[in-house]
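For reference, the structure discussed in these notes is given below.
The values are calculated or read from the model by the stated rules, or taken from the named source; none is laboratory data. Please read these numbers as outputs of a predicted model, since none were measured by experiment. Note that each Cβ is placed from the backbone with ideal geometry, even for glycine, and that neighbours are counted across all protein chains shown. What goes into the accessible areas is simple: the full protein's heavy atoms, side chains included, and nothing from ligands, DNA or RNA. Shrake-Rupley method; radii C 1.70, N 1.55, O 1.52, S 1.80 Å.
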Amino acid sequence: MKDEVHGRSQPGQAEPKVKNKEVVALEDAEAQEEMEANKKRHLNVVFIGHVDAGKSTTGGQILFLSGQVDDRTIHKYEKEAKDKSRESWYMAYIMDTNEEERVKGKTVEVGRAHFETETTRFTILDAPGHKSYVPNMISGASQADIGVLVISARKGEFETGYERGGQTREHVQLAKTLGVAKLLVVVNKMDDPTVNWSKERYDEIESKMTPFLKSSGYNVKKDVQFLPISGLLGSNMKTRVDKSICSWWNGPCLFEALDCIEVPLRDPKGPFRMPIIDKFKDMGTVVMGKVESGSVCEGDSLLVMPNKAQVKVVAVYCDESKVRCAGPGENLRVRLSGIEEEDILSGFVLSSVVKPIPAVTEFTAQLQILELLENAIFTAGYKAVLHVHSVVEECEIVELLQQIDPKTRKPMKKKVLFVKNGAVVVCRVQVNNSICVEKFSDFPQLGRFTLRTEGKTIAVGKVTDLPVA
Ligand code: GTP
Ligand code: MG
């Protein structure tokens with residue numbers, strides 16, 4: 001995992017000292033007040049879309065516009081980009097921090113950064129668009145609450161992204177399954193000479209995208225909002241685009257749209273669940289992840305599942321700062337005692353002791369088959385790679401139980417032995433190693449998954465039943 005763009009916190013510093021009780025109690029009350037006073041809501045936003053759509057450029061521009069990158073750094077990036085014959089890529093360099101990414105002009109690992117608007121603290125997750133890195137995109141999207149779908153309006157580029165096999169489609173379908181509830185669709189590169197802020201081009205893209213977004217399960221009226229921008233020039237981002245540049249746009253700019261986006265509140269009192277996406281050694285064992293349910297506080301006893309290891313929370317870090325407690329939706333680093341770093345794998349879940357997350361090697365699921373590899377048939381014995389929250393695991397379909405009529409959503413009577421593209425089917429799925437999942441109806445984020453074969457997403461699904469423990 002690459003470093004965060006902004007001052008990755010040093011969990012080694014600012015260790016809790018032994019304090020006498022009164023001081024702790026007082027600080028607790030203060031911390032509580034502080035938490036309530038400056039409690040801007042927090043949202044994780046993933047940038048998705050076809051390769052070269054401008055996700056990193058737009059992400060970088062957001063950081064620049066919110067005053068987190070100074071002119072000197074921009075000039076340095078301009079020079080570096082020029083030396084690599086990638087002049088126009090300098091804004092993307094803010095997010096693309098690896099040498100490989102800069103040389104090739106392609107994001108590989110999900111970039112992470114933070115910024116704030118009037119109402120909200122955002123964590124940006126900048127996903128790669130290239131099809132080889134879809135697993136990284138899945139990991140980014142699985143941490144997100146909302147998505148910014150970046151589409152290039154440049155002549156020919158919208159078309160390639162939107163074609164069958166293009167990542168505009170694949171990303172939208174994955175985002176929906178992975179729990180990205182709302183989408184801002186930014187039509188980018190409006191400044192490009194082939195576009196020149198043309199209303200016709202913008203309308204064409206909106207009208208082609210709308211039916212597709214609908215068919216992917218988004219309620220286009222409630223959950224989707226379109227807007228035009230230039231990520232490279234920063235137009236219609238922090239402030240509304242000037243009428244002299246774009247006379248026909250009367251809607252919001254990107255920051256306003258992000259400010260107003262509403263997502264359902266999560267329950268801070270639910271059983272604690274934090275899928276682990278990464279871990280490292282730093283004065284103990286530090287795990288990273290997003291809290292999907294419940295809250296965690298310094299001093300808590302928890303379980304690392306599926307291996308049922310008892311651990312104690314030594315410290316909690318949210319974004320850059322150390323906090324006493326943190327609730328659902330937060331991206332955290334949690335320092336643990338009682339476990340070695342080697343005994344944790346990404347995909348494990350930090351979990352409540354009283355109500356631990358189920359660990360299973362088999363479950364029942366409802367799958368929607370998207371697009372199988374050529375000549376493949378989907379039947380018992382089918383093997384694929386399962387992606388569920390931060391788990392990546394080989395799996396096998398051991399039995400097809402029932403086919404569902406996609407129109408009526410009712411089970412079909414006929415016994416099912418195999419299915420084709422577009423089918424909805426209930427089946428039993430097995431994995432070799434124990435994994436942590438939940439029923440979709442209980443915890444959607446921990447019960448939705450994708451199946452991939454040879455680098456292609458072939459199905460999306462949800463866990464409908466777990467074996468009785
Ligand atoms: P991947 O990470 O590889 O998926 O690409 P990306 O979506 O992050 O695209 P990136 O930001 O790297 O930009 C790709 C190219 O498009 C670069 O040359 C950018 O300068 C150019 N670009 C991005 N946004 C704009 C824009 O608003 N206008 C114009 N004219 N070019 C843009
Ligand atoms: Mg990128």
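For the reader, a short list of remarks on this structure follows.
- Output for the stretch 182-215, where each listed residue is of a type in the set (Gly, Ala, Ser) and surrounded by 18 or more Cβ atoms within 10 Å (Cβ to Cβ): none
- Meets criteria (within 14 Å of residue 365 (Cα to Cα) and either of a type in the set (Ser, Thr, Tyr) or not in a strand (DSSP E or B) (or both)) for residue 408: no
- Subset of the stretch 61-74 [more than 18 Å from residue 259 (Cα to Cα) and either touching a Leu at 6+ places or on another chain (Cβ under 6 Å) or at pLDDT 95 or above (or both)]: 69
- Per-region count, the stretch 69-103, residues on the phi < 0 side of the Ramachandran plot and assigned to a loop (DSSP other than H, G, I, E, B): 10
For (1) surrounded by 16 or more Cβ atoms within 10 Å (Cβ to Cβ); (2) among the small types (Gly, Ala, Ser), each residue gets a yes or a no:
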{"residue": "269", "(1), (2)": "no, no"}
{"residue": "280", "(1), (2)": "no, no"}
{"residue": "286", "(1), (2)": "yes, no"}
{"residue": "294", "(1), (2)": "yes, yes"}
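- Check on residue 31, at pLDDT below 50, more than 16 Å from residue 136 (Cβ to Cβ), assigned to a helix (DSSP H, G or I) and open to solvent by less than 50 Å² (accessible area, probe 1.4 Å): yes
Residues are listed down the side, and each one gets a yes or a no for (1) closer than 26 Å to residue 447 by Cβ; (2) in contact (Cβ under 8 Å) with a residue 12 or more places away in the chain:
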{"position": "155", "(1), (2)": "no, yes"}
{"position": "158", "(1), (2)": "no, yes"}
{"position": "163", "(1), (2)": "no, no"}
{"position": "184", "(1), (2)": "yes, yes"}
{"position": "187", "(1), (2)": "no, yes"}
{"position": "192", "(1), (2)": "no, yes"}
{"position": "195", "(1), (2)": "no, yes"}
{"position": "199", "(1), (2)": "no, yes"}
{"position": "207", "(1), (2)": "no, no"}
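- The set of residues in the stretch 104-127 that are within 14 Å of residue 94 (Cα to Cα) and either more than 12 Å from ligand 2 (Cβ to nearest atom) or part of a strand (DSSP E or B) (or both) comprises 111, 112, 113, 114, 115, 124, 125, 126.
- The residues of the stretch 56-68 that are outside any helix (DSSP H, G or I) and either hydrophobic (A, V, I, L, M, F, W, C) or surrounded by 13 or more Cβ atoms within 10 Å (Cβ to Cβ) (or both), listed by number, are 66, 68.
- Across the stretch 455-467, the number of residues qualifying as open to solvent by 10 Å² or more (accessible area, probe 1.4 Å) and at pLDDT 90 or above comes to 5.
- For the stretch 74-116, filtered to residues that are over 27 Å from the mean Cα position of the chain (by Cα) and of a type in the set (Asp, Glu), the residue that is surrounded by the most Cβ atoms within 10 Å (Cβ to Cβ) is 78.
- Strands (runs of 3 or more DSSP E) enclosed by the stretch 146-249 - at least 3 residues per element that are away from ligand 2 (no atom under 16 Å from the Cβ): 182-188, 224-228
- Residue in the stretch 140-149 that is among the β-branched types (Val, Ile, Thr), within 23 Å of residue 202 (Cα to Cα), in the same structural domain as residue 185 (by the TED database) and within 12 Å of ligand 1 (Cβ to nearest atom) present: yes
- Matching residues in the stretch 51-66 - criterion: being within 7 Å of ligand 1 (Cβ to nearest atom) and not β-branched (Val, Ile, Thr): 52, 53, 54, 55, 56
- Those residues of the stretch 406-442 which are out of contact with any Pro (no Cβ under 9 Å at 6 or more places or on another chain) and within 28 Å of residue 274 (Cα to Cα), in sequence order: 427, 428, 429, 430, 431, 432, 440, 441, 442
- Any hit, the stretch 167-181, residues being buried (at least 20 other Cβ atoms within 10 Å of the Cβ) and closer than 18 Å to residue 241 by Cα: no
- Considering the stretch 342-357, and only residues there that are open to solvent by 40 Å² or more (accessible area, probe 1.4 Å) and not β-branched (Val, Ile, Thr), the residue that is modelled with the lowest pLDDT turns out to be 346.
- Which numbered condition residue 119 misses (of (1) more than 12 Å from ligand 1 (Cβ to nearest atom); (2) open to solvent by less than 40 Å² (accessible area, probe 1.4 Å); (3) among the hydroxyl-bearing types (Ser, Thr, Tyr)): (2)
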